[in-house]
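Okay, so here's the structure we're looking at.
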Amino acid sequence: MKKVFLIAAALTLAATYGCMESKSYKSEYIYNFVSTCVTSGLSIGYCSCMMDHVRDNMSEKAFLEEDGKYVATGKFSDSYMKMVADGKAKCGQ
């Protein structure tokens with residue numbers, strides 16, 4: 001039941017963010033980010049805050065490039081890790 005709720009919450013969050021023009025990431029990227037974050041045991045509030053932080057600090061293109069680098073090397077760039085650390089501080093983790 002908890003898993004169904006989390007998936008529904010992530011889908012709602014993705015649909016909501018998908019309608020916002022000021023932060024244009026495809027809803028599937030938002031869903032994947034948030035659902036992966038929640039699945040790792042973090043709260044939906046924290047995960048959505050981190051997604052907001054990422055979208056406020058990098059373009060969708062840069063986000064996808066960073067994801068590609070991670071898939072290829074297993075590592076994120078130093079600049080991405082700094083941005084994530086800033087997000088953790090902002091979002092309370």
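Could you tell me which of the residues Tyr70, Tyr80 is over 17 Å from Thr36 (Cα atoms) and aromatic (Phe, Trp, Tyr)? If you could, list the steps in order and put the result at the bottom.
On the way: Tyr70 fails: over 17 Å from Thr36 (Cα atoms).
On inspection, the qualifying residue turns out to be Tyr80.
The residues of segment 78-93 that are surrounded by fewer than 13 Cβ atoms within 10 Å (Cβ to Cβ) and assigned to a helix (DSSP H, G or I), listed by number, are Asp78, Ser79, Met81, Lys82, Ala85, Asp86, Ala89.
The test for being within 16 Å of Lys26 (Cβ to Cβ) and acidic (Asp, Glu) does not hold for Asp56.
Residues in segment 32-46 include none that are assigned to a helix (DSSP H, G or I) and modelled with pLDDT under 55.
Taking segment 47-58 as the range and being surrounded by 14 or more Cβ atoms within 10 Å (Cβ to Cβ) and in a helix (DSSP H, G or I) as the test, the residues that pass are Cys47, Ser48, Cys49, Met50, Met51, Asp52, His53, Val54, Arg55, Asn57. Search segment 59-77 for residues being among the small types (Gly, Ala, Ser) and not in a helix (DSSP H, G or I), and hand back the single one that is farthest from Tyr25 (Cα to Cα). Per the stated criteria, the residue is Gly74.
The values are calculated or read from the model by the stated rules, or taken from the named source; none is laboratory data. Just so you know, these numbers come straight off a predicted model, no measurement behind them. Note that we place each Cβ from the backbone using ideal geometry, even for glycine, and neighbour counts take in every protein chain shown.
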